[in-house]
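Student: Pasting in a structure now, in structure tokens, and then I'll have a few things to ask.
A short reminder: the numbers here are calculations on the coordinates, not readings from a lab. Please read these numbers as outputs of a predicted model, since none were measured by experiment. Virtual Cβ from ideal backbone geometry, glycine too; neighbours counted across all protein chains shown.
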Amino acid sequence: MQRFYQDYYKNYIQALQNAADKHDCAQLTKAYQTASVLFEVLKAMAMSIEILQAHAKVEEKKQLYKPYNILPLDPDSENQAIMRYPEIQASVSALCNIRGLPWPKDHQKKVNEDILDWLQAMFGFQKDNVENQREHLILLLANVRIRQFPKPDQQPKLRSCSDRTDEETF
């Protein structure tokens with residue numbers, strides 16, 4: 001079992017991490033979840049130092065590569081098409097502006113914290129609920145930004161009722 005875990009980590013997870021195209025974050029996310037399950041099985045058995053070191057790396061990366069619905073918010077997702085929209089980038093940037101917020105004394109700082117992490121730390125919101133709301137809030141902010149600053153070439157052309165043919169009317 002230990003050899004299988006080591007082979008899985010070396011031949012699959014590290015190969016995915018080192019791949020030239022890091023566009024398939026969903027596959028990497030699933031690989032980290034699978035490695036965590038394998039580790040739980042190994043934990044019930046005897047473990048070597050190599051296994052513990054590999055698992056520490058898996059847990060560290062697992063926090064970055066989280067499952068997502070629409071928006072991949074991990075650090076390597078900036079090259080994905082949806083994350084290149086200026087509206088999405090502005091919304092993510094707005095959520096990350098947490099300067100001056102008072103954090104609880106026992107709070108341990110994480111990478112890429114935002115206003116929803118602060119709300120979770122201060123008020124104890126559930127982790128999964130915060131993850132879902134982060135995506136929803138980013139999409140809502142992006143929608144507002146698009147409506148405030150429309151691009152002239154993206155405006156739909158409206159046709160009056162008199163321009164329609166008989167087949168288009170109900």
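Student: Could you list Thr29, Thr34 in order of exposure, starting from the residue whose Cβ has the fewest other Cβ atoms within 10 Å?
Tutor: Thr34, Thr29
Student: List Trp103, Trp118 from most exposed to least, where exposure is judged by having the fewest other Cβ atoms within 10 Å.
Tutor: Placing the least packed residue first, the sequence is Trp103, Trp118.
Student: Of Cys96, Cys25, how do they rank once you tally other Cβ atoms within 10 Å and put the fewest first?
Tutor: Cys96, Cys25
Student: Return a whole-number percent for the relative contact order of region 75-151, with Cα pairs under 8 Å and 6 or more residues apart as the contact set.
Tutor: 36
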